[in-house]
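The values are calculated or read from the model by the stated rules, or taken from the named source; none is laboratory data. Being a predicted model, the structure only gives us computed values, none of them experimental. So basically every Cβ, Gly included, is an ideal-geometry build from the backbone, and we count neighbours across all protein chains shown.
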Amino acid sequence: MDFALGEATGLDIPAHPDALFEAGPDFLTQAFRAFGSLPVDNAVVRVSSIEPCHDGNSGQKLFLTVAYEHADPALDTELFVKFSRDLVDVFRDRRRYELEAEVRLAALSRHPAFPVAVARPYFADFDHETGTGILITQRVRFGTDGIEPLREKCMDHELANPLEHYQATVTALAKLAAAHHDGRLLPEVDQLFPWDANAALADLPISWDEAGMQEAVGRITKFVTGSPQLFPRAVAAPAFLDGLEAEALFLLRHQADIRRFLYADRRFVALAHWNTNIDNAWFWRDDGGVLQAGLLDWGMVRPMNVGLSIWGGVSAAAPDMLEEGLEDLLSHYAVVLAAEGGAVIDPEALGVHFDLSLVLVGFAMMMDLPALVHARLPETVNATSPRDPLIRSDPVVRGFLCVAANFLNLWARRDFSASLRQALK
């Protein structure tokens, strides 16, 4: 398949890089005009270069350089192209529908009250029937003009002050939530991201029954016991591992209660980025020296519990940073949310929402840690630590191990069962 019919503009949109090259400047001119990013008296006259970008785990990506008929400093010539599809890699193509929400976000980001810096969109469209979409934005020039170099996931130990970066991304999340809460993004936000309570309650389905959960806990316990050097000390502690099965079953039996709790109070629900790990952001300092963040890779953006969005942003942080800085980040979110016109929420209550959001995402996505590691990099068990070059050689294993270790570490330190009992009251 080379092209699909875009639902927003009615244009035939290219499904892969060769199709974009074939469509050439004429398509880019038509597309940019249809999206409102190029004046009708200007045109793309030349594609100067196309370079592949191999980052990420979904569709194909390109760096694109173009020339316009009339040079205009308001128009970017260096662009980034993201396709939903990877038609030669089934593993990457499976995530093609993640771009659908990102296309809608590109449209919403043009709202004059949108409060978060994003890469300026030039064109975005999607065909739901085939899962084919394309997003074209300005290219963020990491490491130039005051922008920090691209920060790599799970490599916080290379930063002088990692907490500062997470404060910047949490600020962006809170500003977006506040703009949603106080109606500044209406009517577009409700048109593009309508609230669906049933979908929210069904989000992050947990496939384990009680017997399956017992087996999964047993595999995790065996893995942690056999390779304690890969996990924070609290995870490998016998007291935590000995009680893990009983706690997991208690939480699993109450998953319906957890879901109802998370979406009963709309102060804790807002439009949010799903994954603000620092590799999905760019950073710069404002005139006062405060670190600021713009957000990239908005796949799966939707209204969600704000605790879930905060976890999505800190999930790949260094465990010691989370241990020391999480309460600060939760308080910071609540302060910014209120200051920007959003709901007033108690940081302790936000902590309960955070814990129970983490129960759902952890049970839905992270209980298969041993299977993934053994399938991709079985020699991981011989690594000296999570920072061993062996683990760094496989970004999927490195990322999954880091996120799962944080999930288990927070479970050990924050007592998710206590948060559930508080919610049940």
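In region 1-38, how many are under 15 Å from VAL66 (Cβ atoms) and without any contact (Cβ under 8 Å) to a residue 40 or more places away in the chain? Within region 1-38, residues that are under 15 Å from VAL66 (Cβ atoms) and without any contact (Cβ under 8 Å) to a residue 40 or more places away in the chain number 8. Listed conditions (1) buried (at least 16 other Cβ atoms within 10 Å of the Cβ); (2) over 30 Å from ALA178 (Cβ atoms); (3) modelled with pLDDT of 95 or more are all met by LEU87, apart from (3). Condition (residue is surrounded by fewer than 14 Cβ atoms within 10 Å (Cβ to Cβ), within 24 Å of SER315 (Cβ to Cβ) and not aliphatic (A, V, I, L, M)) applied to region 145-155: is it met by at least one residue? Yes, some residue in region 145-155 is surrounded by fewer than 14 Cβ atoms within 10 Å (Cβ to Cβ), within 24 Å of SER315 (Cβ to Cβ) and not aliphatic (A, V, I, L, M).
So is GLU215 closer than 24 Å to PHE400 by Cβ and either of a type in the set (S, T, N, Q) or modelled with pLDDT of 95 or more (or both) or not?
Values: closer than 24 Å to PHE400 by Cβ: yes; either of a type in the set (S, T, N, Q) or modelled with pLDDT of 95 or more (or both): yes.
Taking the combined requirement at face value, the residue satisfies it.
Go through region 41-97 and count every residue that is aromatic (Phe, Trp, Tyr) and in a loop (DSSP other than H, G, I, E, B).
Initially, region 41-97 is screened for residues aromatic (Phe, Trp, Tyr), giving 63, 68, 80, 83, 91, 97.
Now restrict to residues that are in a loop (DSSP other than H, G, I, E, B): 97.
Counting residues in region 41-97 that are aromatic (Phe, Trp, Tyr) and in a loop (DSSP other than H, G, I, E, B) gives 1.
When the residues of region 280-306 are filtered to those that are among the small types (Gly, Ala, Ser) and in contact (Cβ under 8 Å) with a residue 40 or more places away in the chain, the one that is nearest to PHE193 (Cα to Cα) is GLY299. Within region 54-69, residues that are under 29 Å from ASN42 (Cβ atoms) reach partners that are among the hydroxyl-bearing types (Ser, Thr, Tyr) and part of a strand (DSSP E or B) with beta carbons closer than 7 Å, at six or more positions or on different chains, in the pairs THR65/SER48; THR65/SER49; VAL66/SER48; ALA67/SER48. Looking at this structure, is GLU129 surrounded by fewer than 20 Cβ atoms within 10 Å (Cβ to Cβ), farther than 22 Å from PHE193 by Cα, over 22 Å from the mean Cα position of the chain (by Cα) and of a type in the set (D, E, K, R)? No, not satisfied.
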